[in-house]
Amino acid sequence: MALSIGARIELWASKKAAIRAFFAARTVQEVSVPCVMPAPVTDPYIDVPQAIAPDGRLLGYLQSSPEYAMKRLLAQGAGDIYCLTPAWRIDEVGRRHRGEFTLLEWYRAGFDGAALRAETSALLQILLQCPPADEISYRDAFLQHLGFCPFQASDAEIAAALHQHLNYSDPLSRTGALQWLCAAVVEPQLGAQRPVFLTHYPLDQAALARGCVHQGFPCADRFELFYHGVELANGYHELIDPIEQRHRFEADLAQRQREGLPQVPMDEALLEALPKMPDCAGIALGLDRVVMLAAQADSLEAISLFSHP
Amino acid sequence: MRAKITSGILIMANYSTNEFKQGLKVLLEGDPCSIVENEFVKPGKGQAFNRVKLKNLMTGRVWERTFKSGESLEGADVMDTDMEYLYNDGEFWHFMATDGSFEQHAADAKAVGDTVKWLKEQEVYIVTLFNGAPIAITPPNHIDLLVAETDPGLKGDTAQGGSKPATMASGAVVQVPLFIEEGEMLKIDTRNGKYISRA
């Protein structure tokens with residue numbers, strides 16, 4: 001039963017209205033950020049389209065998230081802010097992926113991961129009429145669904161799991177193998193009854209989250225949200241140390257070099273802003289997928305206003 | 001299928017994971033396969049991959065494989081062609097193209113497989129050719145076949161349920177209503193082997 005265009009428009013509009021009401025009640029202010037930015041993310045596995053002038057000049061990169069722009073606002077004392085914005089990825093197309101999609105991203109000064117997870121759960125309950133979210137650590141989720149500890153298992157044990165579950169035997173880094181097993185085996189089983197936050201990723205999957213120690217292992221204070229096996233959000237207790245951030249950017253660029261991936265500039269404006277940023281937590285929620293779940297659909301096709309892409 | 005002819009030699013294109021659409025024919029471990037399903041997966045952080053189900057056209061088995069997104073496979077020169085069944089010479093089953101070319105192909109027992117029980121002269125089948133040789137024969141969904149052997153019909157029992165086995169002239173054994181007699185022509189669904197009606 002396909003939704004009519006009218007029903008799709010109404011569904012999207014009602015979710016956006018609910019989001020704006022939610023944040024208005026909490027005095028979190030809406031901001032708009034540029035779609036074209038001087039630098040993209042350095043993550044070797046995220047590529048974005050470039051904006052090119054008719055004469056061939058590179059004008060900038062379409063953003064994969066409003067994160068860098070919003071952090072620059074935070075550093076200038078913006079306070080609590082949210083943003084509803086399009087975001088882009090190249091070559092990410094599937095049932096749950098679009099080259100252009102809509103993100104809801106927000107930042108809360110003084111919040112840690114736990115406080116932001118509680119707020120996100122409250123918002124999701126409104127958007128999906130679902131129960132409050134649970135949480136499970138990355139380590140416990142692996143123990144439960146794969147039977148090994150991601151920090152202590154031997155490389156051979158991880159390779160065997162990769163072969164067993166994904167029928168994949170080519171070489172893959174330890175981190176890469178854990179990421180694939182998490183996405184293919186753990187995540188689809190998360191949130192069957194109620195939304196679940198997966199917390200405390202290994203430190204080498206920190207992205208822009210600060211480090212912490214959890215269950216005795218060095219972790220990233222990063223979390224993702226799942227409901228009915230669908231990844232909905234990714235949040236951090238934000239890293240505000242510019243030296244550590246520069247190291248991570250450089251490590252990303254070095255990996256791009258090793259793997260023959262395109263080199264990209266580092267966002268110097270972000271690095272400059274980081275030391276002025278307040279202690280805060282932030283999260284990006286994929287609105288397309290939330291609307292998809294609200295429609296009880298299992299493909300973005302069912303709720304898109306425009307057909308592919 | 002994207003392929004180009006260079007001085008008479010067919011060069012098959014390579015297909016990247018994001019071109020893996022249902023029904024695309026590719027080579028995996030030397031065997032021609034048809035893509036059944038292709039699911040794109042992107043970890044929150046890390047390299048994207050595709051979980052792909054492929055039907056091996058030589059064996060009929062479905063393989064589940066994982067590829068890094070962007071990896072590619074060589075296209076397989078696989079063609080489905082309508083052909084009329086001619087005869088069996090004891091070793092091969094002979095088919096002739098219905099496109100006016102009168103091109104003939106001999107299929108071995110492996111290619112014919114289970115379809116052998118649905119073979120009827122002058123009927124048109126889909127012959128799957130890999131590098132020009134038959135690897136699979138697909139019968140039409142519905143086929144009219146003669147009843148070669150069945151227990152005598154029960155008069156008057158036309159409404160109530162109940163069935164009996166009947167051996168068709170092609171060799172297939174089909175459950176038919178009790179009133180069916182030897183020598184009758186029946187319409188059969190080859191996909192589930194079920195009786196549909198009298199023809």
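So the values come out like this:
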{"read-out": "Candidate set: segment A:92-146, residues that are assigned to a strand (DSSP E or B) and of a type in the set (Val, Ile, Thr); chosen: the one farthest from the other protein chains (Cβ to nearest Cβ)", "value": "A:Thr102"}
{"read-out": "Of all residues making up segment A:67-91, the number that are surrounded by 16 or more Cβ atoms within 10 Å (Cβ to Cβ), within 14 Å of chain B (Cβ to nearest Cβ) and of a type in the set (D, E, K, R)", "value": "2"}
{"read-out": "When residues of segment B:81-102 are limited to those that are loosely packed, with under 13 Cβ neighbours inside 10 Å and not hydroxyl-bearing (Ser, Thr, Tyr), the one nearest to A:Pro171 (Cα to Cα)", "value": "B:Glu91"}
{"read-out": "Subset of segment A:32-59 [touching a Cys at 6+ places or on another chain (Cβ under 8 Å) and surrounded by 13 or more Cβ atoms within 10 Å (Cβ to Cβ)]", "value": "A:Val33"}
{"read-out": "Single residue of B:Lys53, B:Lys45 found to be modelled with pLDDT of 95 or more, of a type in the set (D, E, K, R), more than 30 Å from B:Lys120 (Cβ to Cβ) and not in a helix (DSSP H, G or I)", "value": "B:Lys53"}
{"read-out": "Members of segment B:28-70 that are facing chain A (nearest Cβ under 7 Å), of a type in the set (Phe, Trp, Tyr) and in contact with a helix residue (DSSP H, G or I) (Cβ under 7 Å, 6 or more places away or on another chain)", "value": "B:Phe49"}
{"read-out": "Failed criterion for A:Ser64 (all others in (1) away from chain B (no Cβ under 14 Å); (2) surrounded by 15 or more Cβ atoms within 10 Å (Cβ to Cβ) hold)", "value": "(1)"}
{"read-out": "Residues (in contact (Cβ under 8 Å) with a residue 60 or more places away in the chain, aromatic (Phe, Trp, Tyr) and touching a Cys at 6+ places or on another chain (Cβ under 7 Å)) located in segment A:125-176", "value": "none"}
{"read-out": "Filter result for A:Leu73 (over 17 Å from A:Gly99 (Cβ atoms), part of a helix (DSSP H, G or I), at pLDDT 95 or above and touching a helix residue (DSSP H, G or I) at 6+ places or on another chain (Cβ under 9 Å))", "value": "yes"}
{"read-out": "The listed residue being small (Gly, Ala, Ser), within 12 Å of chain B (Cβ to nearest Cβ), surrounded by 17 or more Cβ atoms within 10 Å (Cβ to Cβ) and part of a loop (DSSP other than H, G, I, E, B), out of A:Ala207, A:Ala184", "value": "A:Ala207"}
{"read-out": "Scope segment A:84-124; condition free of Cβ contacts under 8 Å to residues at least 12 places away in the same chain and over 21 Å from A:Arg222 (Cα atoms); matching residues", "value": "A:Glu92, A:Gly94"}
{"read-out": "Among residues of segment A:222-273, those that are assigned to a loop (DSSP other than H, G, I, E, B) and either within 12 Å of A:Arg210 (Cα to Cα) or of a type in the set (S, T, N, Q) (or both), counted", "value": "4"}
{"read-out": "Residue check, A:Asn167 on the phi > 0 side of the Ramachandran plot, within 12 Å of another protein chain (Cβ to nearest Cβ) and polar (S, T, N, Q)", "value": "yes"}
{"read-out": "Residue count, segment A:262-281 (criterion: at pLDDT below 95 and farther than 20 Å from A:Ser65 by Cα)", "value": "1"}
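Residue-by-condition table, conditions (1) at negative phi; (2) surrounded by fewer than 17 Cβ atoms within 10 Å (Cβ to Cβ); (3) polar (S, T, N, Q); (4) modelled with pLDDT of 95 or more:
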{"residue": "A:Val213", "(1), (2), (3), (4)": "yes, yes, no, yes"}
{"residue": "A:Asp221", "(1), (2), (3), (4)": "yes, no, no, yes"}
{"residue": "A:Phe226", "(1), (2), (3), (4)": "yes, no, no, yes"}
{"residue": "A:Gly229", "(1), (2), (3), (4)": "no, yes, no, yes"}
{"residue": "A:Ala254", "(1), (2), (3), (4)": "yes, yes, no, yes"}
{"residue": "A:Gly260", "(1), (2), (3), (4)": "no, yes, no, no"}
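Yes/no per residue for (1) charged (D, E, K, R); (2) within 14 Å of chain B (Cβ to nearest Cβ):
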site	(1), (2)
A:Val230	no, yes
A:Gly235	no, yes
A:Glu238	yes, no
A:Asp241	yes, no
A:Gln257	no, no
A:Gly260	no, yes
A:Gln263	no, no
A:Leu271	no, no
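The values are calculated or read from the model by the stated rules, or taken from the named source; none is laboratory data. Predicted model only: the values in this text are computed from it and were never measured. Cβ: placed from backbone, ideal geometry, glycine included. Neighbour counts: every protein chain shown.
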